[in-house]
1. Within segment 1-54, how many residues are polar (S, T, N, Q), free of Cβ contacts under 8 Å to residues at least 60 places away in the same chain and under 20 Å from residue 83 (Cα atoms)?
2. Quick one: in segment 1-42, of everything that is more than 11 Å from the chain's Cα centre (by Cα) and hydroxyl-bearing (Ser, Thr, Tyr), which residue is modelled with the lowest pLDDT?
3. Output yes when any residue across segment 75-85 is assigned to a helix (DSSP H, G or I) and in contact with a Ser or Thr (Cβ under 7 Å, 6 or more places away or on another chain), and no when none is.
4. If we scan segment 45-59, do we find a residue that is assigned by TED's automatic domain parsing to the domain that holds residue 118, part of a strand (DSSP E or B), surrounded by 13 or more Cβ atoms within 10 Å (Cβ to Cβ) and not basic (Lys, Arg)?
5. Please state which one of 69, 84, 63, 88 is of a type outside the set (Val, Ile, Thr) and out of contact with any strand residue (DSSP E or B) (no Cβ under 8 Å at 6 or more places or on another chain).
6. Can you find a residue that is in the same structural domain as residue 127 (by TED's automatic domain parsing), in contact with a strand residue (DSSP E or B) (Cβ under 6 Å, 6 or more places away or on another chain), assigned to a helix (DSSP H, G or I) and within 17 Å of residue 128 (Cα to Cα) anywhere in segment 25-33?
7. So, in segment 93-117, exactly how many residues are in a helix (DSSP H, G or I) and loosely packed, with under 13 Cβ neighbours inside 10 Å?
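The values are calculated or read from the model by the stated rules, or taken from the named source; none is laboratory data. Just so it is clear, the structure is predicted and the values come from calculations on it, not from any experiment. FYI the Cβ positions are ideal-geometry reconstructions off the backbone, even for glycines, and counts take in every protein chain you see.
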Amino acid sequence: MEGIYQFWIFEKATSLCIFEQVFEGLPKSVDSDLIGAYLVTLASFCENLVSENIDSLDSESMRIIYFSRQDFILAMLVDKNLNRHTARQMLERLYYLFTEKYQDLLGPHFDGDVAKFEDFADQIETIFNMKTLRFQQFLRTSADHLETEITELFDFRKEREERLKRMKQGTDKVSSKQP
């Protein structure tokens with residue numbers, strides 16, 4: 001699905017971003033801690049002021065869509081032209097998938113280790129039918145690592161330089177023994 005730039009899950013009580021996924025096309029990096037504190041505060045303000053959940057924040061070109069529950073806020077940074085209803089349905093679905101999958105790690109069992117939720121990224125990629133920057137970074141890192149290993153394996157100059165160095169050391173030992 002085109003037009004989704006970033007997805008977050010924030011714990012309401014602490015504003016902690018417990019899951020984040022960045023998709024290709026994000027025009028500018030967004031600090032999750034900063035956005036989490038802001039979104040959770042704004043949601044709380046709206047709930048207390050008008051007893052309603054906030055639905056979205058709009059700018060000229062982008063929108064942040066909310067899905068708020070007692071324990072979490074799910075939010076997506078999307079293109080303004082993405083259907084708001086469709087985006088909210090996706091967030092609701094993700095909320096139930098996430099809380100069902102990790103029910104044993106959430107609530108009183110949550111120890112603050114957000115790394116336990118990293119495998120949720122695979123489901124997100126499938127649901128949104130989009131590759132994330134996490135996947136793209138993995139491919140780049142894997143390719144760089146593979147290139148380094150191949151270079152090490154087939155770099156004959158290195159072996160030659162080592163042989164020359166050993167030969168020179170051997171020559172130096174012989175010449176130091178001669179009077």
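1. 1
2. Looking at residues that are more than 11 Å from the chain's Cα centre (by Cα) and hydroxyl-bearing (Ser, Thr, Tyr), I get 29.
3. Yes.
4. Yes, that holds for at least one residue.
5. 69
6. no
7. Of the residues in segment 93-117, 6 are in a helix (DSSP H, G or I) and loosely packed, with under 13 Cβ neighbours inside 10 Å.
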